[in-house]
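Everything on this sheet refers to the single structure shown next.
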Amino acid sequence: MHFFVYNALLFQNEFFVRLIVVSVFQIWPVVYGSYFAYKLLKRAKNRSTYTMSGYFITTALTYFLATISTFLVNTPFSYILYVISIYVFVFSYSFAINFSWLLTRLDEKSCNTKFYLRTTLYAILSLYVLLVAIPFNGITLNASTGWIPTYSWFFLGISWTYFLIFLIIPQIYLSFKILKVYEGVALKHRLNMFLISVLLVMVLAVFMLLYNTWTENVIFRTFYVFIMPELGVFAAYFVYKGFGKMLD
């Protein structure tokens, strides 16, 4: 009897500590994502601000759903909400790609159809999260993992491949194209800040995937917990300040 009581108390203590960690490190993306989206939409309502605010809204939604899933451990909703949050997380980067694409065509009256097609394409491509996470146990979140999300190496490989082919390489291509289009423009410094920040945000996403996969590496996980959240905040801020703040 005492053994079961001790285990129950231990679980409660560990769960309480995890709630504190989650609340501290995951509340900030919800706050700054909502704040930047509000600032953008308050300033202007056009396709550019809708696109940039879409990135911040989906970022805030990602961490909001992940936080809620932590409070719902021992229920089937915890796993479902967490997997959905990772889907939204992956999909959120499509708005950065779309925004970069818009920057290359600010002087053109481009058709909305291509914009919506790209958004739809990324929404479909991001479904790999659900297809790999659930049928192939790509993401595990249950009592066996202490209700801490764990990714399989297969899921990590698929995710890295997706980020490289559909996000990082296209962003590098668009970055060079943007630099060519805006060569000699007074806003070049802010534009460089935006492009570097977008690439940094994507790299941080790759590290996040590794953090939840490489669970046995205590040094890397400790480094991530204490360094990466702050870098994520700064990167998102410079994405906004670098060009989103100036774009009309």
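The values are calculated or read from the model by the stated rules, or taken from the named source; none is laboratory data. On a predicted model such as this, the values are computed, not experimentally measured, just so you know. Using ideal geometry, Cβ is built from the backbone for each residue, glycine included, and neighbour counts are taken over all protein chains shown.
Determine whether region 121-140 contains at least one residue that is polar (S, T, N, Q), over 18 Å from Ile68 (Cα atoms) and either at pLDDT 95 or above or surrounded by 20 or more Cβ atoms within 10 Å (Cβ to Cβ) (or both). The answer is yes; a qualifying residue exists.
Could you list, in sequence order, all residues of region 79-107 that are among the polar types (S, T, N, Q) and surrounded by 20 or more Cβ atoms within 10 Å (Cβ to Cβ)? Break it down into steps so the answer makes sense when it comes.
Let us first name the residues in region 79-107 that are among the polar types (S, T, N, Q), namely 85, 92, 94, 98, 100, 104.
Listed by number, the residues that qualify are Ser85, Ser92, Ser94, Asn98, Ser100.
The helices (runs of 4 or more DSSP H) found entirely in region 112-180 that carry 2 or more residues being among the basic types (Lys, Arg) and on the phi < 0 side of the Ramachandran plot are 112-125. Here Met193, Met246, Met208 are screened, and the one residue that is touching a helix residue (DSSP H, G or I) at 6+ places or on another chain (Cβ under 8 Å) and modelled with pLDDT of 85 or more is Met208.
Inside region 141-163, can you point out the residues that are among the hydrophobic types (A, V, I, L, M, F, W, C) and surrounded by 13 or more Cβ atoms within 10 Å (Cβ to Cβ)? Break it down stepwise before answering.
Keep residues of region 141-163 that are among the hydrophobic types (A, V, I, L, M, F, W, C), which gives 141, 143, 147-148, 153-156, 158, 160, 163.
Leu141, Trp147, Ile148, Phe154, Phe155, Leu156, Ile158, Trp160, Phe163, listed by residue number.
Check region 67-75 and report whether any residue there is within 15 Å of the chain's Cα centre (by Cα), modelled with pLDDT of 95 or more, surrounded by 15 or more Cβ atoms within 10 Å (Cβ to Cβ) and in a helix (DSSP H, G or I). Spell out the reasoning first.
Of region 67-75, the ones within 15 Å of the chain's Cα centre (by Cα) are 67.
Keeping just the survivors that are modelled with pLDDT of 95 or more gives none.
Looking through region 67-75, none of the residues is within 15 Å of the chain's Cα centre (by Cα), modelled with pLDDT of 95 or more, surrounded by 15 or more Cβ atoms within 10 Å (Cβ to Cβ) and in a helix (DSSP H, G or I).
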